[in-house]
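One structure below.
The values are calculated or read from the model by the stated rules, or taken from the named source; none is laboratory data. Source: prediction; values computed, not measured. Here Cβ is always computed from backbone atoms with ideal geometry, including for glycine, and neighbour counts include all displayed protein chains.
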Amino acid sequence: MHKLTIFFFRQDFNQQDWQKFMGLAEKMPGLRRETVSEINDVVYGGTGRNIERIHEFYFDSRPALDAALQSKEGQAAGAWLHEFTFRRFTMLISEHKEAFQNEFVQDKEENAGTTTLKAD
């Protein structure tokens, strides 16, 4: 699974602009899931202090994500994103891996007590 992550920085944009962006982005083909996180506190790191919101869009694969960005829906969402944020955002693409507690692999000898994610 791959995801597109957008960091939104503290700035003046209204809820209507945000809703319009979400409406456009949610029409991207191949979108499987999305999450929005409102930042409450920055525990460590100076650059994170201005992050207000994190929006994540999940796709089955990198080609599916790329196709979504290149689609007319993705292009419309991207154009509005640039406009309403005045280009003040950070966008990342990453491979997403996730494990639940019962899926953790215990490293019994060398690193006792540590856990790692199982490879897909």
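Could you tell me whether S37 is in a strand (DSSP E or B) and free of Cβ contacts under 8 Å to residues at least 40 places away in the same chain?
Values: in a strand (DSSP E or B): yes; free of Cβ contacts under 8 Å to residues at least 40 places away in the same chain: yes.
Against the criterion (in a strand (DSSP E or B) and free of Cβ contacts under 8 Å to residues at least 40 places away in the same chain), S37 qualifies.
If you go through the range 68-94 one residue at a time, how many are in a loop (DSSP other than H, G, I, E, B), in contact (Cβ under 8 Å) with a residue 24 or more places away in the chain and out of contact with any Pro (no Cβ under 6 Å at 6 or more places or on another chain)? Outline the logic, then answer.
Step one: of the range 68-94, the residues in a loop (DSSP other than H, G, I, E, B) are 71, 86-88.
Restricting the remaining residues to those that are in contact (Cβ under 8 Å) with a residue 24 or more places away in the chain gives 71, 86, 88.
This time we only want the ones that are out of contact with any Pro (no Cβ under 6 Å at 6 or more places or on another chain), so: 86, 88.
Looking only at that region, the number is 2.
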Can you find a residue in the range 89-103 that is over 15 Å from M1 (Cβ atoms) and at pLDDT 95 or above? yes
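Go through the range 67-88 residue by residue and tally those that are farther than 17 Å from E34 by Cβ and either of a type outside the set (A, V, I, L, M, F, W, C) or modelled with pLDDT of 95 or more (or both).
Within the range 67-88, residues that are farther than 17 Å from E34 by Cβ and either of a type outside the set (A, V, I, L, M, F, W, C) or modelled with pLDDT of 95 or more (or both) number 9.
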For the subset of the range 104-113 comprising residues that are assigned to a loop (DSSP other than H, G, I, E, B) and surrounded by 11 or more Cβ atoms within 10 Å (Cβ to Cβ), which member is modelled with the lowest pLDDT? D107
